[in-house]
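The next block holds one structure in the form of structure tokens; read it before the comments.
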């Protein structure tokens, strides 16, 4: 935020604006599926593990099991989906587990729910904070140099004692 009456940097504001918009663009469309995953809201069924899929990045490897999902009533059948949160040692090919399809393309979830919503909500809040910071930097009027000594509406009022009506003005001699 601008302090001391200096003008906010346009480059920094542009970066904050772009970061905020990008985070909103990436996260807001996924709020619904994150909420459904947290509540395990969707058709329940069975996940059958077929193969382990691993991805390595920055010296770290994460693995999930891919396979098929079939709802209990037989109306939903998904092929090539991953069971969210399944690790390398969770399954072996052909094993089954209960799962829920929450509408997230390519993923099914454990019926107890998921905590994947936490990162989505944190990123939405971060995007909001960035956009509010940019708005405050550019939409709020800058403080004028004389405002620092002025009384604000929140400051308590100080009343000076009124002169008594019986008091006589000082005499001029």
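Of the residues that sit in the stretch 29-88 and are in contact with a helix residue (DSSP H, G or I) (Cβ under 8 Å, 6 or more places away or on another chain) and closer than 26 Å to residue 127 by Cα, which one is surrounded by the most Cβ atoms within 10 Å (Cβ to Cβ)?
Filtering the stretch 29-88 down to residues in contact with a helix residue (DSSP H, G or I) (Cβ under 8 Å, 6 or more places away or on another chain) leaves 30-31, 34-35, 37-38, 41-42, 84.
Narrowing further to those that are closer than 26 Å to residue 127 by Cα: 30-31, 34-35, 37-38, 84.
Values: 30: 17, 31: 13, 34: 21, 35: 14, 37: 26, 38: 18, 84: 20.
The residue in question is 37.
So which residues in the stretch 73-107 are without any contact (Cβ under 8 Å) to a residue 60 or more places away in the chain, at positive phi and either outside any loop (DSSP other than H, G, I, E, B) or out of contact with any strand residue (DSSP E or B) (no Cβ under 8 Å at 6 or more places or on another chain) (or both), if there are any at all?
Scanning the stretch 73-107 gives 74, 80.
Read through the list (1) in a loop (DSSP other than H, G, I, E, B); (2) more than 14 Å from residue 45 (Cα to Cα); (3) in contact with a strand residue (DSSP E or B) (Cβ under 6 Å, 6 or more places away or on another chain), then give the number of the only condition that residue 63 fails.
(1)
All of the numbers you see were taken from the coordinates with simple rules; none came from a lab. For clarity, every value in this text was computed on a predicted model and none was experimentally measured. Cβ atoms come from the backbone with ideal geometry, glycine included; neighbour counts cover every protein chain shown.
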